[in-house]
């Protein structure tokens, strides 16, 4: 069992991201307990895989216990050979008071000292409803801040954040070796995260300056992807076929370049082209402004014979007072 401490940035997306990673690696995702910021899954996945998560703060391999008394009874075997320990609790009426009480009880039972600054071992105790879980190991995804757009050599104000780039890639059910395409690659945010995740990444943009900037940013992090100029509404002519996933953030701000395209026509043309170059079972993940004109265009496009995607899910995400985006997760049927 694994307990996920998820972020509160969105009510649904953190769990959807975890579910997507389980699906990508052929594992069933079954929630056996949950609270506002914690979810326990019945099945395990390797720590390296879970480190890909963007909206999870930490994850713990856990065991379920019947009572705190049982934990105190068994704790000497868990702490055997340790010179110090600490206790961290979550989900109780007073986490700090529970940490103090459990710490004192464990010290009496084992004779091992409590050390709150640098303990040799830490006991993690979680309460989700009436269920109790404990763990002796905490893991966290690596920080994304070193790749913030304003820290790259080529900066663009509309660049997608590393967090959202990684989220989109995870929602697309990618795994190591997957072939992914970003046909609106901009300064390379999605390509950077894809390369770090071990994906085979391809990027296109109609703006040569963006292509140059994406290549420069990839090189800055010691990464590589195939990046070139190209038309997102005519991907077949650029030689793309049988892609495992298309993950992108199309232009939707007033300052974005759309050349001769209106946004609805651009999106409709892109969806038709994306359908033709995805493999069967492949995923398309992208975001657009959440307004009726654009979402109706998306809805009409994915039910046409030329691009009959399966709608897996969509999520509305507030960005700021003038923008709420809708994230789409589409699948090409087998």
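FYI, it's all coordinate maths here, none of it is from the lab. Please read all numbers here as calculations on a predicted model, not as lab measurements. Don't worry about glycine lacking a Cβ; one is built from the backbone with ideal geometry, like all the others, and counts go over all protein chains shown.
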Could you work out the mean projected area of the convex hull around the alpha carbons of region 164-249, in square nanometres to one decimal?
4.8 nm²
At what distance in nm do the modelled label points of residue 234 and residue 320 sit from each other, each positioned 7 Å from its Cα along Cα→Cβ?
3.5 nm
Per residue, how big is the convex hull around the C-alpha atoms of the chain? Give it to me in cubic angstrom, could you?
153 Å³
Cα long-axis angle, helix 162-171 against the chain (0 to 90 degrees, to the nearest 10)
90 degrees
Quick note on 220, 283, ordering by fewest other C-beta atoms within 10 Å, gives 220, 283
Grab the alpha carbons of region 145-331, take their convex hull, and tell me the volume per residue in Å³.
108 Å³
Need one number: nm distance between label points at residue 32 and residue 108, each 7 Å from Cα along Cα→Cβ, rounded to one decimal.
3.1 nm
Can you give me the distance in nm between label points at residue 122 and residue 226, each placed 7 Å from the Cα along the Cα-to-Cβ direction?
4.4 nm
The extension gain from residue 138 to residue 294, computed as 0.36 nm times the residue separation minus the Cα-Cα distance, is 51.9 nm
Taking the chain as the reference, fit the longest principal axis to its C-alpha atoms, fit the long axis of helix 95-110 to the helix C-alpha atoms, and give the angle between the two in degrees, 0 to 90, nearest 10.
50 degrees
If you wrap a convex hull around the C-alpha atoms of region 1-142 and split its volume per residue, what is the figure in Å³?
118 Å³
I'd like the orientation of helix 208-220 relative to the chain: the angle between its Cα long axis and the longest Cα principal axis, in ° from 0 to 90, rounded to 10.
30 degrees
Ranked from highest to lowest mean number of other Cβ atoms within 10 Å per residue, what is the order of the peptides 64-77, 184-197?
184-197, 64-77
Sequence ranges 98-110, 50-62, 313-325, ranked by mean other-Cβ count within 10 angstrom, highest first:
50-62, 98-110, 313-325
